[in-house]
Amino acid sequence: MSDRIPLVLGSGVMRATGVAVLSESDGSAETAVLLFTEVAPDAIIMDWKDRGARGYRRLRRGALAHGMPEPYADDQRALRDPAALDISRHRALSITGGRPTFAASDVIVLVPADADRLREIRVPVSSAEKPLEAVYLSASADIDTFQYERTARVEDAETCPVCGKLMRAGGVHEASHGVPGHRLAGTRAGDEHAAGPERAAHQPRLDDPSVFRHTL
């Protein structure tokens with residue numbers, strides 16, 4: 001069974017995998033970008049007429065941890081990265097009541113231009129016990145304005161205790177932690193059903209430098 005969670009939940013309903021926060025070196029306001037990718041891009045670039053071409057580099061490595069904002073720093077070297085995510089054609093959405101997933105109640109976020117006719121967006125919420133997501137509903141079919149509706153459990157899913165990645169409950173989640181063949185990251189071979197405390201002793205923290213390493 002794959003460990004992937006569906007990102008398209010029906011007509012006009014999409015599940016974001018994370019929020020990339022683009023920080024500017026000049027201290028100007030940060031830009032929030034909703035990610036709809038299985039893997040966080042190492043670099044993001046955008047070319048807006050009023051600001052020119054700008055590049056951003058991810059500040060950590062590892063999986064997209066569920067509910068953890070992805071920090072990106074202004075780095076012009078990212079403009080030369082052929083694998084960079086180009087958000088030049090993204091469009092802006094206005095979200096109200098966004099505190100469950102953003103630092104403020106009223107925020108502007110960027111989404112892919114081809115994600116049109118959206119009526120519902122689900123964004124990860126940080127939770128240590130069970131994976132949660134905030135549900136935002138479209139306020140109008142003609143305006144890109146969304147309002148917070150509720151916080152819901154991500155059904156049939158769990159978060160990896162090592163990297164924080166959202167995964168299907170019982171799915172195979174293995175070699176990314178260097179121990180192939182394990183259904184649950186951090187367990188010893190044949191010990192997949194170990195109780196929480198027994199298994200937790202072998203888990204590194206999310207901020208363990210052996211798991212995540214700054215790249216700047």
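The values are calculated or read from the model by the stated rules, or taken from the named source; none is laboratory data. For clarity, every value in this text was computed on a predicted model and none was experimentally measured. Note: ideal-geometry Cβ built from the backbone for every residue, glycine included; neighbour counts use all protein chains shown. Surface accessibility is based on the protein's heavy atoms, side chains included, excluding ligands, DNA and RNA. Shrake-Rupley method; radii C 1.70, N 1.55, O 1.52, S 1.80 Å.
Things to note:
- Once all protein chains are placed together, Asp26 keeps about 110 Å² accessible to a 1.4 angstrom probe.
- Its alpha carbons give the range 1-57 an Rg and a Dmax of 14.7, 47 Å.
- Of all DSSP beta bridges in the range 1-158, antiparallel share, percent nearest 5: 70
- Residues of the range 19-61 with amide N under 12 Å of the 7 Å Cα→Cβ point at Ala113: 47-49
- Accessible surface, 1.4 Å probe, highest first, among residues Glu155, Glu120: Glu155, Glu120
- Ratio of Rg to Rh over the range 37-155 (Cα coordinates, Kirkwood Rh, two decimals): 0.98
- Rg to Rh, two decimals, where the range 91-166 supplies the alpha carbon set and Rh follows Kirkwood: 1.01
- Net +/- balance of residues flanking Ile95 in space, Cβ distance below 12 Å, scoring K and R +1, D and E -1: -2
- Heavy-atom accessible area with a 1.4 Å probe sorts Thr96, Thr31, largest first, into Thr96, Thr31.
- Trypsin sites (Lys or Arg not before Pro) within the range 2-74, DSSP loop, no more than 15 other Cβ atoms inside 10 Å: Arg4, Lys49, Arg51, Arg61
- Rg followed by Dmax, in Å, when the range 19-85 is reduced to its Cα trace: 11.5, 33
- Alpha-carbon centroids, the range 25-64 and the range 66-131: separation in whole Å: 9
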